[in-house]
Every structure is written in C-alpha cells, then in structure tokens.
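A.B. asks: Once you've had a glance at the structure underneath, I'll fire off some questions.
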Amino acid sequence: MYCPIPLSTKGYVNRTQKPSTVMAYPKKRNREHPSVNSQWSTESELVGLEFELTATDNHTLYPQYTIGLHAWFLDQVRNTNPELSQYLHDGQSEKAFTISGLSGSLMTSGKNLQLQGDRLYHWYVTGLSRPVVQWLGKWTQNLPPRIELRNAPLTINSCKVFLEANTYEQLWEQQSPKTGNLKLSFLSPTSFRHKGHHLPLPIPVNLFHSYLRRWNDFSDIKCDRDLFLEWVDEFVILQRHHLQSVKVAAGKRGMVTGFTGAIELATSQKSKTKFSGNIQQQQQLFYALGQLAPYCGTGHKTPFGLGQTRLGWLVEDIQPISTIQQILADRILELTEIFRSQRRRTGGNRATDIAETWATILARRELGESLQAIATDLEMPYQTVKTYAKLARRALN
C-alpha cells in the first residue's frame, strides 16, 4: 500500500528562506582556508555545493581523474569523521553523496587531459542524507586550501550553495506546477543497469526507479515502489528529447555506454487499464522525485561523476567528452570482449569482473599510466595489478 506519512515540521527550515551563500574569502581574507557560510538547519537532509577552482599551473590530468576526486573527497571524510567514512564506504546500499567531474576547459594533450593555470574550473558535490549534509556544513567552515589531485593540485577559490538545503518532507510538500511537465538535463554520461548491460536511454520507468531507490533509502516518507512505477509506466509520457550516446571509462573499472542531453516529461490522464492507486498521490511523488533528481543524480556511478542532472532544458551546458576519454573507453570495451570470450567456461559474473579489471589495467597502462598509480586508483595491491597486467598482455598474444 502506498503510504506517504507526513512528518512533524518542527525544527525544519522555512522553505521561503533562502540559504545564505557567501563567496569564500574576500580580498583581505586569509586564503589558506576558504569556507562557505553553510548555516542550514540541523534537520537538513539535502544540499548541493559548487566549488570554484584554479589549477596551480598548466598540468596534465589522466582521463579517469574522477576516481581521484572521489578518493580525495572520501579522504576528507575519513580524516574528520571516521565513523561516517566507514558508513559511506560500506554501510548502505545507496551512496549518500554525488560528485561531478571538472566543468571548464579540459584540452586533450597527447594521452592525457590538460588543465590550464589561467582558467576557472567548477566542481559539484551533493549530500543526500542528514549525516552527510551536517558533515558538509562543518567541513565547509574550514576547507583545505587545495584539492590534491595526482600531479595536478587545484586551488579552492570559493565554495557556495547551488542547490539549497532541503528535506525530503519539503520536497514532498511542494506544490506541483500547473502544467505538470518536467524538464531534465543530463550533463554527464548517464546510464542504467539492465539485465547485465548498460541501458543508455531515459525511459521514464528507469529514471524514476533510480530516484525512488534513493528516496526510500534516505527519506522517512516511504513509498510503494511497484505501485508508483506502474503509474509511471501508464501515465508518464516522453514528449521531446535532445540526446546523444557516449562511451566513457567510469568508476574504478570497466566502461559505460550512456547518454547526455535533455528531455521533457508530461503526465497523462488517460490509460487503457484501470489504475488501482491514488493518482493524485502518484503525481505528487512524480514531482517530488523530479526535484530530487539534481541532488541525487540519475542512474549508476553517480559518486564517480556520472548522471549529473539539472532541472530545465540545458543542452548548451553539456560539456563534450574528450577524445582521449572516448579512446580509453573504446579500448576498455575492446579488451573486455576479448578477455571475456576467453573465459566463457567460468560463467557468471566472475568472468566479466575479471575481464573488466584486466581490460582497465591494460588500457590505462597503454596510455602511459604507472602500475602504482593504477593500483592506488583501483585500491588493489601493486603486485596484484602487476600480475594482472602481465596476464592480460599474455592473453593477447
């Protein structure tokens, strides 16, 4: 049974009160510790932060640098709150944060990307649970001066709130627009898991299944998944889209076939079958999950930069995938298929996991990365990575 139970509003932020966002360090301020005026309520469960960064000089950046951003962020949590760090690492089914890649001018330089010292870059972090949001509030009061990304340190110029501090109840209680239409833009490659493969299409049922998983995991307002997805399948219409498919190496191993672009969704009052639930409640949840999308991202591997989502039609804001990132993804896919075909007798997911690991290690090694750097990113012993690289080369001969 669908059961949205309203919670007490005592202690919640007035939704008409905008969060205070102050750019970090005025000219006379000590630049060693930039901070943000993060005065959101202790009841806040959602927030989005935007960091303005500059490279300390012209630096090369390896194609899978989002792994480094992910590791740096978790190091910040571990150094200040070990209990929360353990929870984020292995304590729940859904990750309670997302990070983006770097937004700005990333040029291709040989087998790497190029950061330019005279350009600004932006990086986005969101929190999806009360413990993470409260930690972000404390952390941003005394930010480190730099993001230590391998061989490419980035100075933190400023930090501000770009998605206001919110609660799941406040999202639930917001009134839906009269038109009922919802526009979503996917700024980074977005994909879903479907029967062991990637599904690079924004099918409404997959979209809202993705959002509802996070909602039910972190919100106190639990919703009937099957009933809602039945309603989505019957009543939600994809009215228009502007999409393109992309391949990208994502997460710690393997590659993803995804999409970027924008869509517009609408709801219909007509259905060929009789719907057993409360249609008005489903529409309310539809709109609430649409508002959640920019916080939680869409699809899988959102803690590694995929599935960055914004409200509105923002196709002009989509940053193209660099040539070298596409080359790496294509090579990982090619090697994965070779290694998987050689291991068909092993069956199950193990053969695919081993094939993807070997393919990732060898493809990154071919681009000139050191085995030690690859081992660090994959959180694997150096000797294991070295052995896998040798076995992968031998398997190609």
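The values are calculated or read from the model by the stated rules, or taken from the named source; none is laboratory data. This is a predicted model, so every value here is computed, not measured. As a convention, Cβ positions derive from the backbone with ideal geometry for all residues, glycine included, and neighbour counts pool all protein chains shown.
A.B. asks: Look at E94 and say whether it is in the same structural domain as T155 (by TED's automatic domain parsing) and in contact with an Asp or Glu (Cβ under 7 Å, 6 or more places away or on another chain). Break it down stepwise before answering.
C.D. replies: Details: in the same structural domain as T155 (by TED's automatic domain parsing): yes; in contact with an Asp or Glu (Cβ under 7 Å, 6 or more places away or on another chain): yes.
Yes; evaluated as a whole, the condition is true for this residue.
A.B. asks: Can you find, within the range 52-65, the residue that is farthest from L115 (Cα to Cα) among those that are crowded, with 21+ Cβ neighbours inside 10 Å and modelled with pLDDT under 95? Show your work before the answer.
C.D. replies: Here is the first cut: in the range 52-65, the residues crowded, with 21+ Cβ neighbours inside 10 Å are 53, 55, 61-65.
Okay, now just the ones that are also modelled with pLDDT under 95, so 55, 61-65.
Values: A55: 7, L61: 7, Y62: 10, P63: 12, Q64: 14, Y65: 12 Å.
Step by step, filter the range 52-65, then rank; the result is Q64.
A.B. asks: Right, next: If we scan the range 322-345, do we find a residue that is under 17 Å from S245 (Cα atoms) and surrounded by fewer than 13 Cβ atoms within 10 Å (Cβ to Cβ)?
C.D. replies: Yes: one or more hits.
A.B. asks: Hey, another quick one. Can you name the residue in the range 185-209 that is of a type in the set (A, V, I, L, M) and either closer than 22 Å to C223 by Cα or not assigned by TED's automatic domain parsing to the domain that holds L292 (or both) and, of all such residues, is nearest to the chain's Cα centre (by Cα)?
C.D. replies: From the range 185-209, those of a type in the set (A, V, I, L, M) are 187, 199, 201, 203, 205, 207; that's our starting set.
Then keep just the ones that are either closer than 22 Å to C223 by Cα or not assigned by TED's automatic domain parsing to the domain that holds L292 (or both); that gives 203, 205, 207.
Values: I203: 18, V205: 19, L207: 14 Å.
Only one residue fits best here, namely L207.
A.B. asks: For the range 126-151, which residues satisfy the criterion of being touching an Asp or Glu at 6+ places or on another chain (Cβ under 9 Å), crowded, with 21+ Cβ neighbours inside 10 Å and not in a helix (DSSP H, G or I)?
C.D. replies: Correct list: G127, L128, S129.
A.B. asks: Within the range 282-291, is even one residue in contact with a strand residue (DSSP E or B) (Cβ under 8 Å, 6 or more places away or on another chain), modelled with pLDDT of 95 or more and under 27 Å from F73 (Cβ atoms)?
C.D. replies: yes
A.B. asks: Scanning the range 152-175 for residues that are modelled with pLDDT under 95 and assigned to a loop (DSSP other than H, G, I, E, B), which turns out farthest from Q64 (Cα to Cα)?
C.D. replies: So, considering only residues that are modelled with pLDDT under 95 and assigned to a loop (DSSP other than H, G, I, E, B), the one farthest from Q64 (Cα to Cα) is Q175.
A.B. asks: A further question follows. Would you pick out the residues in the range 222-251 that are assigned to a loop (DSSP other than H, G, I, E, B), surrounded by 19 or more Cβ atoms within 10 Å (Cβ to Cβ) and either polar (S, T, N, Q) or out of contact with any Lys or Arg (no Cβ under 7 Å at 6 or more places or on another chain) (or both)? First the steps, then the outcome.
C.D. replies: Narrowing the range 222-251 to residues assigned to a loop (DSSP other than H, G, I, E, B): 222-224, 250-251.
Pick out the ones that are also surrounded by 19 or more Cβ atoms within 10 Å (Cβ to Cβ) and you get 223-224, 250-251.
Passing the criteria: C223, D224.
Condition check ((1) within 16 Å of E45 (Cα to Cα); (2) in contact (Cβ under 8 Å) with a residue 40 or more places away in the chain) across all residues:
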position	(1), (2)
Q86	no, no
S93	no, yes
A96	yes, yes
S109	no, yes
R119	no, yes
I156	no, yes
T167	yes, yes
N181	no, yes
